[in-house]
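In what follows, a structure is listed as structure tokens, so that the remarks can point back to it.
The values are calculated or read from the model by the stated rules, or taken from the named source; none is laboratory data. Everything numeric in this text was worked out from a predicted model, so none of it was measured. Glycine also receives a Cβ, built like all others from the backbone with ideal geometry; neighbour counts cover every protein chain displayed. All accessible areas refer to the heavy atoms of the entire protein, side chains included, with ligands and DNA or RNA removed. Shrake-Rupley method; radii C 1.70, N 1.55, O 1.52, S 1.80 Å.
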Amino acid sequence: MKMQEDAVTAVLNRLRRAQGQLTGIITMIEDGRDCADVVTQLAAVSRALDRAGFKIVASGMRQCLKGDGAESSSMTEEELEKLFLALA
């Protein structure tokens, strides 16, 4: 499955934001910040990663539904479902 260019851009943006948040969390821990603040930021990073994964799977499903070229049919419905459930 190959992702569409707009989906790649959106996923990369989400992952870069998550990377920045994760760097911030590491600094928070090193600085001895409050646990509640750290956990709140960890939850935000987790959501960002989940959204990136869902975007990837949604892009694959969209391609399969459209039937765009040979590349789009490279994944079965079961394989897409397995990817989706891996994020659940």
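One table, with the values for the structure above:
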| item | result |
| --- | --- |
| Label point 7 Å beyond Cα of residue 37 along Cβ direction - residues of the stretch 7-26 with amide nitrogen under 13 Å | 24-26 |
| Normalised contact order of the chain, rounded percent, pairs of Cα under 8 Å and 6 or more residues apart | 41 percent |
| Heavy atoms of residue 14 accessible to a 1.4 Å probe, total area in Å² rounded to 10 | 70 Å² |
